[in-house]
Amino acid sequence: MWISNIVVSEQLIEQAVLLASFLDTTITWLGEVPAGLKLNSQLVHFLELFFRYHIHLFKGYLVMISSYMPVIIYSISLTCIPGLTCLLSYLLSFSVILLLHIHCFYAYACNMYSAQLKALVSLGRLVAGVKYNPLRGRVDSARTSGDQLILGTLIFSTLLFLFPTTILYYCVFSAVNMALVGTQMCIVTGISIIRTCPIGDVIKVLCKDSSVICDVMIEPLARQTDNSTETAAHASPGNVFVVSAVYKTLGACLRQTDLGNYKLSFKEIRTKCMKGQIIKISF
């Protein structure tokens, strides 16, 4: 048992290192004029050094926790006796711990993109001779001096030429983080379905058990003198409504799950992505 825990922990650490190496390769690709895009070489070099140092820190973090992984996995194997939901919950926690650097990269890119976007909007209004009035919630005209206009134009031009590089890094790390969040949401959905779905009844439906699904047969017994007929009804196992019953059961379980706090509409996701806001989903 202890040897198998060591093997599993080594496999997890190895996969996490491979993912870090993949991010390192992605950062190298971003620094080599990807898809023929003309990026700012100085900013690309700075971001490459920044993210590579973070990957170096993450590999040191993996080395630090690798000695504790067999004990953690052994504890998990003991506590997973209650059922599959406990195992999936631990898997979700492990994905958060071992893939922490992906969320950090996404947060860095979001903050950089959001700050630069806000600065461009404010400086664009300065160049246009207007300003935002937070009290009335509208844009009013503003008086600016020549020095303010020249300085604002210089900073606006500099940020505008750096913005394509920022957008590229933001899009790449947002896509990686959304893939991670989607995987975690699938695990959360599976846990909620298992908690609310009557697994035993679903198995009975699939096995055509007469206690949950059947065909009702009505047969005449004898004809009476007053033109009335006595009938008898009995149930026999059949294959009607099997797919419909399973589909309705799973649909009802999804409606009863506690995923209300995790649901985001496409419009909300699009707005957050355009504004550079971090998409937070608490598990």
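The values are calculated or read from the model by the stated rules, or taken from the named source; none is laboratory data. If you're wondering where the values come from, they're calculated on a predicted model, not measured in any experiment. As a convention, Cβ positions derive from the backbone with ideal geometry for all residues, glycine included, and neighbour counts pool all protein chains shown.
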Out of (1) without any contact (Cβ under 8 Å) to a residue 24 or more places away in the chain; (2) crowded, with 16+ Cβ neighbours inside 10 Å; (3) over 20 Å from the mean Cα position of the chain (by Cα), the odd one out for LEU49 is which?
-> (2)
With SER174, SER93, SER157 as the choices, which residue is free of Cβ contacts under 8 Å to residues at least 40 places away in the same chain and over 30 Å from ARG195 (Cα atoms)?
-> SER157
Just checking, which of VAL176, VAL127, VAL96 is surrounded by 18 or more Cβ atoms within 10 Å (Cβ to Cβ) and assigned to a helix (DSSP H, G or I)?
-> VAL176
Counting just the residues of region 130-148 that are surrounded by 13 or more Cβ atoms within 10 Å (Cβ to Cβ) and hydrophobic (A, V, I, L, M, F, W, C), which one comes out farthest from VAL44 (Cα to Cα)?
-> ALA142
Positions within region 99-124 being hydrophobic (A, V, I, L, M, F, W, C), over 18 Å from LYS275 (Cβ atoms) and in a helix (DSSP H, G or I), in sequence order = LEU100, ILE102, CYS104, PHE105
Condition check for ILE203: aliphatic (A, V, I, L, M), more than 20 Å from VAL96 (Cβ to Cβ), surrounded by fewer than 18 Cβ atoms within 10 Å (Cβ to Cβ) and modelled with pLDDT under 80 = yes
From the list LEU62, LEU23, LEU19, LEU39, pick out the single residue that is outside any helix (DSSP H, G or I) and surrounded by 12 or more Cβ atoms within 10 Å (Cβ to Cβ).
-> LEU39
